[in-house]
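These notes concern the structure reproduced below.
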Amino acid sequence: MKKRILAAIILGTGFAPIAHAQVKVDMSLITCKQLLESPEERMPFITAWMAGYFSATQDRSTVDMRYLERNTKVATDYCKNHPSETLMDVIKKTAK
């Protein structure tokens with residue numbers, strides 16, 4: 001009986017899913033072109049980061065969703081004509 005349990009544990013661990021490596025993203029390097037070409041599933045992450053960065057540029061510790069929506073639209077509209085600029089520079093220029 002013990003041998004069967006041990007065999008089941010060994011076999012079970014052999015089929016355990018392999019953990020994916022964590023990926024770090026340097027947001028200071030993201031360009032407008034990369035933002036506009038980002039997959040849809042990545043946009044919530046970028047938008048959340050933008051919310052924090054917008055707030056930080058104004059020394060606020062809160063995120064006002066009205067400003068987030070406005071600033072995200074302004075930044076993406078600006079990016080359409082300036083694909084080589086970094087997202088951080090765009091936010092500095094357009095955040096209110």
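The values are calculated or read from the model by the stated rules, or taken from the named source; none is laboratory data. These figures come from a predicted structure and were not determined experimentally. Accessible surface areas use protein heavy atoms only, side chains included; no ligands, DNA or RNA. Shrake-Rupley method; radii C 1.70, N 1.55, O 1.52, S 1.80 Å.
For the list (1) open to solvent by 60 Å² or more (accessible area, probe 1.4 Å); (2) more than 19 Å from the chain's Cα centre (by Cα); (3) not hydrophobic (A, V, I, L, M, F, W, C), I need the number of the one condition that THR94 fails.
(1)
Restricting the search to region 82-96, which residues are part of a helix (DSSP H, G or I) and of a type in the set (A, V, I, L, M, F, W, C)?
Residues satisfying the conditions are LEU87, MET88, VAL90, ILE91.
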